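**Q** My questions will all concern the structure given below.
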């Protein structure tokens, strides 16, 4: 039973760790990260957003906001550690996104 619990813990923790590694790896090349956004699984977006926010990757953060696949973009928790340049990148991304939605298709 103990051995089965160990396997379960590893399998539960590994996907989170893999997402962390994937996000960090992708952010080493900002241009690649931005161009890959349309091909990423949506499960990677929250982790990549946090990695970009904490790592102050402004261009990637702006592009992430524009490509955000979810209905909500929870920013409340991020206000605990405000950094003007990073928050400006998020707002710039929202401005572009809103401008695109105002354009008739």
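**Q** Identify, please: which residue in the stretch 32-46 is in contact with a helix residue (DSSP H, G or I) (Cβ under 8 Å, 6 or more places away or on another chain) and in contact (Cβ under 8 Å) with a residue 24 or more places away in the chain and is, among those, surrounded by the fewest Cβ atoms within 10 Å (Cβ to Cβ)? Steps first, answer last, please.
**A** Residues of the stretch 32-46 that are in contact with a helix residue (DSSP H, G or I) (Cβ under 8 Å, 6 or more places away or on another chain), as a first pass: 32-34, 36-38, 40, 43-45.
Within this subset, residues satisfying the condition of being in contact (Cβ under 8 Å) with a residue 24 or more places away in the chain are 33-34, 37-38, 43-45.
On the way: 33: 22, 34: 18, 37: 18, 38: 7, 43: 12, 44: 17, 45: 18.
Only one residue fits best here, namely 38.
**Q** Hey, another quick one. Restricting attention to the stretch 46-61, which residues are over 12 Å from residue 26 (Cα atoms) and within 10 Å of the chain's Cα centre (by Cα)?
**A** 46, 50, 53, 61
**Q** Which members of the stretch 47-64 meet the condition of being more than 14 Å from residue 93 (Cβ to Cβ) and in contact (Cβ under 8 Å) with a residue 24 or more places away in the chain?
**A** Going residue by residue through the stretch 47-64, those that are more than 14 Å from residue 93 (Cβ to Cβ) are 47, 50-51, 54-56.
Scanning the stretch 47-64 gives 47, 50, 51, 55, 56.
Read the figures in this text as sums done on the coordinates, not as results from a lab. Predicted, not measured: the structure shown is a model, and the values here were computed from it. Here the Cβ is made from the backbone with ideal geometry for all residues, glycine too, and neighbour counts use every protein chain on show.
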